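J.: Here's a structure for you.
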Amino acid sequence: VQLQASGGGLVQAGGSLRLSCAPKRSIGLVMRLAWYRQAPGNQRELVARINATGRTDYADSVKGRFTISGDFSEKTASLQMNGLKPEDTAVYYCNAGTTFQSYWGQGTQVTVSS
């Protein structure tokens, strides 16, 4: 685990959380940053990603509610999550990609109550 993710927690539906991710050690030149999530019984899925040019992509289920940002010089990423829904409940993982490697954080739990 080369990345440290934080910011998860328990929130009511409609609430907001902000996740943050930072490297625990040197990981080289980062070209892309992303957040994934995995709910119990489901496969890990891409939530949002940003590349070094600033292009962003979002899963359809979070468009208009989540915003990813990244600082490629510091190799940090954030995910602002607004309008949270119970179906957003999952463990959220940050990911940083270099030319040759992909690094992961340990995951942070997000639980949204109805």
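J.: Give me the percent of accessible area attributable to carbon and sulfur for region 50-114, probe 1.4 angstrom.
T.: Values: 1520 of 3210 Å².
That share works out to 47 percent.
J.: Next up: If each of Met31 and Asp57 carries a label point 7 Å out from its Cα toward its Cβ, how far apart are those two points in nm?
T.: It works out to 1.3 nm between the two label points.
J.: To the nearest 20 Debye, how big is the dipole of the chain about its Cα centre, given +1 on the beta carbon of each Lys and Arg and -1 on that of each Asp and Glu?
T.: Values: 12 positive and 7 negative charges, 33 e Å.
About 160 debye.
J.: Within region 75-114, name every residue whose backbone N is under 11 Å away from a label modeled 7 Å from Cα of Gln12 along the Cβ vector.
T.: So the set is 113-114.
J.: Still on this structure: Tell me, what is the per residue accessible area of the chain in Å², probe radius 1.4 Å? Display every interim value, and only then the final one.
T.: Working: 6050 Å² over 114 residues.
Each residue of the chain exposes 53 Å² on average to a 1.4 Å probe.
J.: Sequence gap at least 6, Cα distance under 8 Å: using those rules, report the relative contact order of the chain to the nearest whole percent. Write out the running numbers ahead of the final one.
T.: Numbers: 285 pairs, mean separation 43.0, N = 114.
Once divided by the residue count of the chain, the mean separation gives 38 percent.
J.: Next up: In the chain, what % of DSSP beta bridges are antiparallel (nearest 5)?
T.: Details: 37 of 42 bridges.
Roughly 90 percent of the DSSP beta bridges within the chain come out antiparallel.
J.: With only alpha-carbon atoms counted, please give the Rg and Dmax of region 33-114, in Å.
T.: Rg and Dmax of region 33-114, Cα atoms, are 12.6, 41 Å.
The values are calculated or read from the model by the stated rules, or taken from the named source; none is laboratory data. These figures come from a predicted structure and were not determined experimentally. Positions of Cβ are backbone-derived with ideal geometry, glycine not excepted, and every protein chain shown enters the neighbour counts. Heads up: the accessible areas ignore ligands, DNA and RNA and are worked out on the full protein's heavy atoms, side chains in. Shrake-Rupley method; radii C 1.70, N 1.55, O 1.52, S 1.80 Å.
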